[in-house]
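Some notes on the structure that comes next.
None of the figures in this text is laboratory data; all of them are computed from the coordinates on show. Values in this document were obtained by computation on a predicted structure and should not be read as measured data. Because the Cβ atoms are built from the backbone with ideal geometry, glycine has one as well, and the counts that use them run over all protein chains shown.
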Protein chains: 2
Amino acid sequence: MDISPLQKVRYAYQPKLPAILRKDITSIEAVYGEPTGAATDADAVKALFPHTYGMSRVSFTEGDNKAVTAQRNVGVILSGGQAPGGHNVISGLFDALKAANPENTLYGFKGGPSGILQDSYQIITDEFLAPYRNTGGFDIIGSGRTKLETQEQFEVCAQVCKKHNISALVIIGGDDSNTNAAVLAEYFLEKQHGIQVIGCPKTIDGDLKNESIEISFGFDTATKTYSELIGNIERDANSAKKYWHFIKLMGRSASHIALECALQTQPNVCLVSEEVEANKQSLVSIVEYIAKTVSDRALDGNNFGVVLIPEGLVEFIPEIKALIDEINHLLAKEEVAFNALTDSAQRVAFVGSRLSKSSQTVFSILPDEIQKQLLMDRDPHGNVQVSRIETDKLLSTMVETRLKQMKAEGSYTGKFSAMTHFFGYEGRCAFPTNFDADYCYSLGYNAFCLIGSGLSGYLSSVTNLCAPAEQWNAGGIPITMMMNMEVRHGSKKPVIKKALVELEGKPFAYFAEHRAQWARKTCFTYPGAVQYFGPAEVCDRTTVTLALEQSK
Amino acid sequence: MDISPLQKVRYAYQPKLPAILRKDITSIEAVYGEPTGAATDADAVKALFPHTYGMSRVSFTEGDNKAVTAQRNVGVILSGGQAPGGHNVISGLFDALKAANPENTLYGFKGGPSGILQDSYQIITDEFLAPYRNTGGFDIIGSGRTKLETQEQFEVCAQVCKKHNISALVIIGGDDSNTNAAVLAEYFLEKQHGIQVIGCPKTIDGDLKNESIEISFGFDTATKTYSELIGNIERDANSAKKYWHFIKLMGRSASHIALECALQTQPNVCLVSEEVEANKQSLVSIVEYIAKTVSDRALDGNNFGVVLIPEGLVEFIPEIKALIDEINHLLAKEEVAFNALTDSAQRVAFVGSRLSKSSQTVFSILPDEIQKQLLMDRDPHGNVQVSRIETDKLLSTMVETRLKQMKAEGSYTGKFSAMTHFFGYEGRCAFPTNFDADYCYSLGYNAFCLIGSGLSGYLSSVTNLCAPAEQWNAGGIPITMMMNMEVRHGSKKPVIKKALVELEGKPFAYFAEHRAQWARKTCFTYPGAVQYFGPAEVCDRTTVTLALEQSK
């Protein structure tokens, strides 16, 4: 058996397009709206993007676009971490390209952005594409983390495109990749290379969004997959009634994934990094909050529960951030002496004795395991690898210690036994939900329509996503309108502004309003496995976050 | 939102029964087959079960059973770890009981076997039951691990049953619980209490089976849930092409879960504890096998892969088993001195210096973390908690060390980066698959038919499970026929023989035949999420293990 039964039937799924994209492709015409600005720092962004700053938003309407049928070759690149639906972006792009002109050719550059630099590609044909339609993963051509950011790289891109007569590139990626797509588009215009660049908003982290990009693709499938598992664990906790489960969730800096999963599963605790930062919460106060929840529930005889922890949490706790900065600085300075120590206990002692007094205090309250993790697992630059810190174990261990104190003081009489989990890789390559399958196919189809309208430096935009696909809007936004200036590696650069959880937004407000009740009582909800064939209310709904954001 | 969309629609699912159980309940008649024996040790088992040894197998056919309508109260108990479908056993039992006589009452004893000892119960009504139909978890009445095994406990059970006029108990549990159910049935007959006892075969571990119990319930759903996750991780590995994922899977001693997941997902490596034991494989040889697979794949440029590890593995590695026994013995003897040491490094040194030479060698090659885990996390009896040993980390760390040696020797030139996972709690309370929903409902319905036929000491048995539900057979087997004598806590006891993976069986043979290819090539299959509404080939198929076992 090489193909699972589900995979076989998913091949036959026909993704749903917005009504306008269902028209004959020669009658899909671009309509130009108001000129745009930048997120902030308009003057600086404008100066850096003389050709692509201030372009108009674009939407599609029925009209005339015979020019779309001109023969053209297009290249496509998958950039960065996997997200469910990438194969469908390519499917939509391919189908539109072939609908426009069967002589058109789609080049898939292999292994991410490095594929174009090395001129390593796969010609996408119908036969080649068929076994990837509506499936998860980026294995069709692979992905990679090489960044296209230097002029030398841009020039290689131009030469490779010219060699294959490629007149447009579609870059499927997150905020960084789309920032680079904008810079590349600007470069090609500046040098008059005649190569268009279109971006597609991909990331399970959900941190690439604004009013024209309501959701990044993959977020829906990934959060539903994690919520399935969280719900199953909640039900287990509520059946066995003896464990507290601490679950860390992928999502980089932003807490969108944790928040969406909380809205879907109603756990007892969900930490939100953005709130921790806004309130300057200390590690001790977070531990206290969880320990209090545990002890309150124990009063009702409920010695079980579920805690959700966003991956980026520790970076948002002020004193931990300061500690990590100090360790990075210290290890850079005393690299030789430190590396001479092979024993982890010696390393801990070495660092402990050289920290500032305040960081020393913070370091000393961390569990042994975490102290060692901070010092042993470092990245190629010698820095602490924040994403590798087992925050789930850190918090469960510290909560356990705190509860022991409380028990000694007589303020806690329950039982506490913790299990830890980390979910990330389980969701990045799941079969896309019907929503992501439809949305991604539409994004890819739409990307070709942007190309066919002669545009460059645009992000494919499909909106009104809480409505049925038929009613979705299709169009594009200039990537520059999402930009601001940020300090990266010591100098100011134009980048797409990362969308963090807004504490004033409706999804967080809903959560904040209910969390006290979810904490004390058992209000778990069990979303179950992603469904593809059942009633629309089960199969086609997108995230609770988006439903709340778009609610009146 | 307190009920998920999937949960709402699952309430409406009508589980499928075998054709015979769809008849009017008064026309379902028991047919008696050949008398049975025991698995082994027949004389000893017979002597211990004078009233219930040697009873006949029972099947149901259309006939006459007016006696089934006599008014009766029945008690039900969920025993041990959660398994998807428990709620449906209760639903089937309830529906049959009410079909026989609307005056019948079902008592659900709360929190497992301790519920009957404490006379803590819930009367199951249609309204009460409705929100649990076709859902996962044991939260309807809770479960527990108290064992019913002493005469004092049996007498309390009898008194509680008499108080409520309960004339039959249904015990839903694994091998231990059903062993105790048989002893209880024997006791009630011996004392002429007039209380019947019927067991139902539950366990996700899959180790309770024989020709009349083709599968224990929950195994299908749990393995499909784990396979969904493994497939997603495989697809991620094959997209990112940079990680080896080491995945430990629940399942106690038996490797049924790991093997079934391997058959569903075709990973590069799947260890099978039963084979490790049969071949007396050492830890070093297992590490060598995985390292060789990693290095062979690296020759093809494939620096990624997936390794499945059964939970019970370490107990089957002879020298680890010896080491653990020695540590348990040593710590029991030197408890005071050992407990006086609070530092984990001191504890490691203390134990290391007191082990036999051979165990010292084994202990010394274990990663630091694992050495500490062996000594820190002990059960209430002071024994090493084998199930808590992070075998995923143990193996990935040792493989990494071995690959470094190979690299130094020039026999390996790839890159190795490992991620570890443990899946268990994610699958025990999933929404039951259609198969488990149907099978469990049938087991419960059938259990009442056994009661209505006046039987006791029987296990509810539904067979021919690879065919559509309509064609399933319904009946019962005497629990004693599954028994043998085993040494438990120093004395010989009658117990249900645990079904381990048979190395001569078809599922293992299929795996053994294909594993070399799966190891070197990338043959991953992606089962995706459990489906409830799609085509039958996607939604209603049970395990690959059972399909192979029943194949000609």
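Give me D for the protein assembly as shown in µm² s⁻¹, whole number, from Stokes-Einstein with Rh from the Kirkwood sum over alpha-carbon pairs, 20 °C and 1.002 mPa s.
Numbers: Rh = 31.3 Å.
Calculated translational D: 68 µm²/s.
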For the stretch A:312-324, in order, what is each residue's ³J(HN,Hα) by Karplus, 6.51 cos²θ - 1.76 cosθ + 1.60 with θ = phi - 60°, in whole Hz (x at glycine and Pro)? x, 2, 4, 5, 9, 8, x, 6, 6, 4, 5, 4, 5
Would you mind checking the tilt of helix B:283-299 against the longest principal axis of the Cα atoms of chain B, expressed as 0 to 90 degrees and rounded to 10? 70
In Hz, Karplus ³J(HN,Hα) per residue of the stretch A:59-68 (6.51, -1.76, 1.60; θ = phi - 60°; x = Gly, Pro): 10, 10, 9, 6, x, 10, 8, 4, 4, 5
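So which of A:Lys46/A:Lys497; A:Lys292/A:Lys407; A:Lys202/A:Lys498; A:Lys224/B:Lys415; A:Lys110/B:Lys521; B:Lys321/B:Lys393 end up more than 23 Å apart, counting from Cα to Cα?
Beyond 23 Å between Cα atoms: A:Lys224/B:Lys415.
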Once the piece of chain linking B:Ala130 and B:Glu537 is laid out straight, how much longer is it, given 0.36 nm per residue of separation minus the C-alpha distance between them? 143.7 nm
Could you derive backbone 3J(HN,Hα) for the stretch B:89-106 from the dihedral phi with the Karplus parameters 6.51, -1.76 and 1.60 (θ = phi - 60°), listing whole Hz in sequence and x where the residue is Gly or Pro? 4, 5, 4, x, 4, 4, 5, 5, 4, 6, 5, 6, 6, x, 7, 4, 10, 10
What does the copy distance list look like for A:Gln118, label position 7 Å along Cα→Cβ, in nm and ordered from shortest? 6.3
Sequence-distant or interchain residues sharing an amide H contact under 5 Å with B:Gln385, placed H: which? B:Asp379
Tell me the distances, shortest first, between A:Asp2 and the same position across the other copies, using label points 7 Å along Cα→Cβ, in nm to one decimal. 5.2
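Can you give the direction-averaged projected area of the convex hull of the alpha-carbon atoms in chain A, in nm²? If you can, show how the numbers build up before the last one.
Values: hull surface 109.7 nm².
Answer in nm², one decimal: 27.4.
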Taking B:Lys248 as the anchor, which aspartates and glutamates have their alpha carbon closer than 15 Å to its alpha carbon, excluding any fewer than eight residues away along the same chain? A:Glu426, B:Asp205, B:Glu228, B:Glu234, B:Glu260, B:Glu311, B:Glu315, B:Glu390, B:Asp392, B:Glu426
Kindly provide log₁₀ I(q)/I(0) values, in the same order as q = 0.14, 0.16, 0.24 Å⁻¹, from the Debye equation applied to equal alpha-carbon scatterers of the stretch B:161-255. -0.68, -0.78, -1.15
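What FRET efficiency would be calculated for the residue pair A:Ala509, A:Asn210, taking the C-beta separation as r and a Förster radius of 22 Å, to the nearest 0.05?
Numbers: r = 19 Å, r/R0 = 0.86.
That gives a FRET efficiency of 0.70.
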Any idea what angle helix B:434-452 forms with the longest principal axis of chain B, computed on alpha-carbon atoms, 0 to 90 degrees, nearest 10? 40
With every atom except the alpha carbons ignored, what do you get for Rg and Dmax of the stretch B:450-552, in angstroms? 19.1, 57
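How much of the DSSP beta bridge set in the protein assembly as shown is antiparallel, as a percent to the nearest 5?
Working: 50 of 118 bridges.
Taking every DSSP beta bridge with both residues in the protein assembly as shown, the antiparallel ones total about 40 percent.
Give the dimensionless ratio obtained when the Cα radius of gyration of the stretch B:314-389 is divided by 2.2 N^0.38 Å. Could the numbers behind the result be given before it?
Numbers: Rg = 11.2 Å, N = 76, 2.2 N^0.38 = 11.4 Å.
Rg over 2.2 N^0.38 Å, computed on Cα atoms: 0.98.
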Could you work out how far apart the two model spin labels at A:Gln14 and A:Ser120 are, taking each label as a point 7 Å from the Cα in the direction of the beta carbon, and quote it in nm? 3.8
Sequence-distant residues sharing a close amide H with A:Cys523 (under 5 Å, placed H): none
What residues qualify as long-range amide H neighbours of A:Asn464, i.e. H under 5 Å apart, gap of 5 or more or another chain, H built at 1.01 Å from N? A:Asn473
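Given Cα pairs under 8 Å that are at least 6 residues apart, what percent is the relative contact order of chain A?
Relative contact order comes out at 24 percent.
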Filtered hits (lysines, Cα-Cα < 22 Å from A:Lys552, offset >= 8 within chain) -> A:Lys209, A:Lys506
Mind listing the label-point distances from B:Lys321 to the same position on all other copies, shortest first, one decimal in nm, points 7 Å along Cα→Cβ? 5.4
For the pair A:Arg22 and A:Val156, how long in nm is the line joining their label points, each one 7 Å along Cα→Cβ? 4.5
Taking R0 as 41 Å, what's the FRET efficiency between A:Asp64 and B:Ile3 from their Cβ-Cβ distance, rounded to 0.05? 0.25
Mind putting a number on the dipole of chain B about its Cα centre? Charges go on the C-beta only, +1 for Lys and Arg and -1 for Asp and Glu, and I need it in Debye to the nearest 20. 700
Could you name the aspartates and glutamates whose alpha carbon sits less than 16 Å from that of A:Lys163, not counting residues in the same chain fewer than 8 places away? A:Asp119, A:Glu155
Hey, what angle do you get for helix A:256-265 against the long axis of chain A, alpha-carbon based, 0 to 90 degrees rounded to 10? 70
1/(1 + (r/R0)^6) with r = Cβ-Cβ of B:His381 and A:Lys404, R0 = 30 Å, i.e. FRET efficiency to nearest 0.05, evaluates to 0.85
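Just to confirm the filter: which GluC sites (Glu not before Pro) across the stretch A:177-277 are DSSP coil and have at most 13 other Cβ within 10 angstrom of their Cβ?
Working: sites: A:Glu186, A:Glu190, A:Glu211, A:Glu214, A:Glu228, A:Glu234, A:Glu260, A:Glu274, A:Glu275, A:Glu277; in loops: A:Glu211, A:Glu214.
Passing sites in the stretch A:177-277 are A:Glu211.
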